[in-house]
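Q: One structure coming up, written as structure tokens, with questions to follow.
Each value in this text was obtained by applying a stated rule to the coordinates, not by laboratory testing. This is a predicted model, so every value here is computed, not measured. For neighbour counting, all protein chains shown are included, and Cβ atoms are generated from backbone atoms with ideal geometry for every residue, glycine included.
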Amino acid sequence: MRDTELYQQLLGLVEPWTVARVELSVTDGQVGVWVEHPPACRFACPECGAQLPVRDHAEERSWRHLDSCQFLTYLHARAPRVDCPEHGVHQARPPWAEPMSRFTTLFERLAIDVLQACDVKSAAGLLRISWDEAWHLMGRAVARGLAAKPVRVPAHLGVDEKAAGAGQDYLIVVSNLDTGTVEHIADERRKASLDDYFTQSSPDQRERIRAVAMDMWQPYITSVREHLTDPDSKIVFDRFHVMRYLTTAVVTVRKGEHRALAAAGDTRLVGSKYLWLYSAQNLPAHHTDRFAALRTVDLKTSRAWAIKESLRHLWHYHRRGWGAKHWRRWYFWAPTPACNQSSTPRTPSNVTRPGCCPTSPTGSPTPARKASTPVSKPSAWPPEATATGTTSRPPSTSTAVDYSSTPQQSATEFPDEPEMGCDPEGIGAGGRPGAYNSTPSWPTGSMSWPGS
């Protein structure tokens, strides 16, 4: 078999294309394959597919092909151009490569497999291409995949960012929480980055979105409010960021109180910095006695920690009714006038709570319902903590709160909510884990954090 016939079969060329000649350069370590077509051929317009005669030819180009043993292989050809009456002069598409590519389709197929198996630098070394060319091939593969992917708007979205390199460079990642797949990636943590995702679908398709989980980044909130109907009932603040705000607040309270106590010669909080960062269930056993002793003392830090831990129960509820009851009681307690500004956990004043809710048993977020009108808050502290530790000891100057007398939302607003005192899910006495009735979705709407 002649070399031209061999490469005709290896390249899979079909009429009218044929291999004209093959040249081997041992010095350069390359094999050159030249292909051509006979005269008087007709080629399809790349826009409309109409078969047209050849107008002229572009300059000779080369495409990297699969290696021939240890030799780099390049395909050379002059691509024909056609003159379409409707679309003008265009270059006909060669059958061995995609438009604007310097690699054959078979080489790109191999490159994708290698890139999936290792990092870009290693793949570039194995394929004997540059780092930029490897990224170019990967970008083309992603673009083809996105173009072939049908537009499906998930019911539950997750919006988060990922650091890209050093400094403050971030990528925004939109994912489908039901399937765990990435739906969209864009540069920077900007409103426009999330807008790009929403504008890919029609308003009717966006109606399928039931919840969007995110951190408390204002550009994300603004984008959701702009593109979704009833957005405040669909925004879900994820647990990690909510608890991080409260943990930061506990640290702030401890610092202020420690300075005040130290100035008076009281060293009770010395060496307790990291104790207050633990949750109740993660506290190391060798710190249990000291931490229990600190919590029995009348400290603002102890109260701030108890407020944080009480909210943690929010994500354990599966029913809105029980969750809403816990939220109202936690909300009444946390911002009481008995605690000044420095000891009340809160998020930044420019961040509002469009929504926050627990996940369903399947792991999907459940959209939060609208908030009722804020009511007055009790001026006293809640009862003393039990063994589970959801509240702290009240100051000696205050009295326990009788929550049965505090304003409550009508039970008819929560048709799935059982009567108070029932425990259909075995949550605990009176339907609450521990000593405190715990855990709902957050109120939605324009309600700001207490004191903001």
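Q: In whole Hz, with x marking every Gly and Pro, tabulate ³J(HN,Hα) for the range 274-289 from phi via Karplus 6.51 cos²θ - 1.76 cosθ + 1.60, θ = phi - 60°.
A: Values per residue, Gly and Pro as x: 7, 5, 6, 7, 6, 7, 4, 7, 9, 5, x, 4, 6, 9, 4, 5 Hz.
Q: Please turn the phi angles of the range 318-327 into ³J(HN,Hα) values with the Karplus equation 6.51 cos²θ - 1.76 cosθ + 1.60 (θ = phi - 60°), one per residue in order, whole Hz, x for glycine and proline.
A: Once θ is set to phi - 60°, the couplings for the range 318-327 become 10, 10, 4, x, 5, x, 5, 5, 5, 4 Hz.
Q: Which net charge results for the neighbourhood of Arg2, defined as the other residues with beta-carbon distances under 14 angstrom from its beta-carbon, given Lys and Arg at +1 and Asp and Glu at -1? Working shown, then result.
A: On the way: positive: Arg21; negative: Asp3, Glu5, Glu23.
After counting each charged neighbour, the total is -2.
Q: Aspartates and glutamates near Lys234 by alpha-carbon distance under 15 Å, same-chain residues fewer than 8 away left out - which ones?
A: By straight Cα distance, Lys234 reaches Glu207, Asp215, Glu226.
Q: Using modelled backbone amide H atoms (1.01 Å from N, in-plane), which distant-in-sequence or interchain residues come within less than 5 Å of Ala20's amide H?
A: Trp34, Val35, Glu36
Q: Ok, one more. With Cβ to Cβ distances under 15 Å as the rule, what net charge do the other residues near Glu59 carry (K, R +1; D, E -1)?
A: Once all neighbours under 15 Å are counted, the net charge is +2.
Q: Residue by residue, what Karplus-based ³J(HN,Hα) values in Hz, rounded to whole numbers, does the range 124-130 have, using 6.51, -1.76 and 1.60 with θ = phi - 60° and x for Gly and Pro?
A: 4, x, 5, 7, 6, 10, 7
Q: Can I ask one more? Subtracting the Cα-Cα distance from 0.36 nm times the residue separation, let me have the gained length for Arg102 to Asp187 in nm, one decimal.
A: 27.9 nm
Q: While we're looking at this one, here's another question. For Ala79, which sequence-distant residues (separation of 5 or more, or a different chain) have an amide H within less than 5 Å of its own amide H, given hydrogens modelled in the peptide plane?
A: It is Ala58, Arg61, by chain and number.
Q: Is the shape of the range 117-182 rounded, prolate or oblate, going by the alpha carbon gyration tensor and its root eigenvalues a ≥ b ≥ c, with a/c under 1.5 for rounded and a/b larger than b/c for prolate? Spell out each step's value before the answer.
A: Values: a/c = 2.78, a/b = 1.54, b/c = 1.80.
It is oblate, given that a/c is not under 1.5 and a/b is not larger than b/c.
Q: At a 10 Å Cβ-Cβ cut-off, how would you order Thr27, Thr73, fewest neighbours first?
A: Lowest to highest Cβ neighbour count: Thr27, Thr73.
Q: Still on this structure: Find how many whole Å separate the alpha carbon centroid of the range 276-315 from the alpha carbon centroid of the range 19-80.
A: Value for the Cα centre distance between the two parts: 73 Å.
Q: What shape does the range 3-146 have by the C-alpha gyration tensor, where a ≥ b ≥ c are the square roots of the eigenvalues, rounded means a/c under 1.5, and otherwise prolate means a/b greater than b/c and oblate the rest?
A: The shape class here is oblate.
Q: Moving on to the next point. Rounded to the nearest 0.05, what FRET efficiency do Ser279 and Asp67 give with R0 = 56 Å and r taken as the Cβ-Cβ distance? Could you check?
A: 0.45
Q: Which order do the peptides 8-15, 283-290, 311-318 take when ranked by the mean count of other beta-carbon atoms within 10 Å per residue, highest first?
A: Numbers: 8-15: 13.9, 283-290: 10.4, 311-318: 20.2.
Going by the mean number of other Cβ atoms within 10 Å, highest first, we get 311-318, 8-15, 283-290.
Q: Arrange the following residues from fewest to most other Cβ atoms within 10 Å of their Cβ: Val153, Val142.
A: Arranged by neighbour count, lowest to highest, Val153, Val142 become Val142, Val153.
Q: Still on this structure: In a shell of Cβ-Cβ distance under 15 Å around Arg259, excluding Arg259 itself, what net charge do Lys and Arg (+1) and Asp and Glu (-1) give?
A: +3
Q: Suppose every Lys and Arg Cβ carries +1 and every Asp and Glu Cβ carries -1, with no other charges. What dipole size does the range 156-229 come out with about its Cα centre, to the nearest 20 debye?
A: On the way: 8 positive and 13 negative charges, 35 e Å.
For this selection, approximately 160 debye.
Q: Going down the list Lys162/Lys325; Lys273/Lys300; Lys162/Lys255, which pairs span over 24 Å between their C-alpha atoms? Each step should come with its number before you reach the end.
A: Numbers: Lys162/Lys325 35 Å; Lys273/Lys300 14 Å; Lys162/Lys255 31 Å.
Violating the 24 Å limit, Cα to Cα: Lys162/Lys325; Lys162/Lys255.
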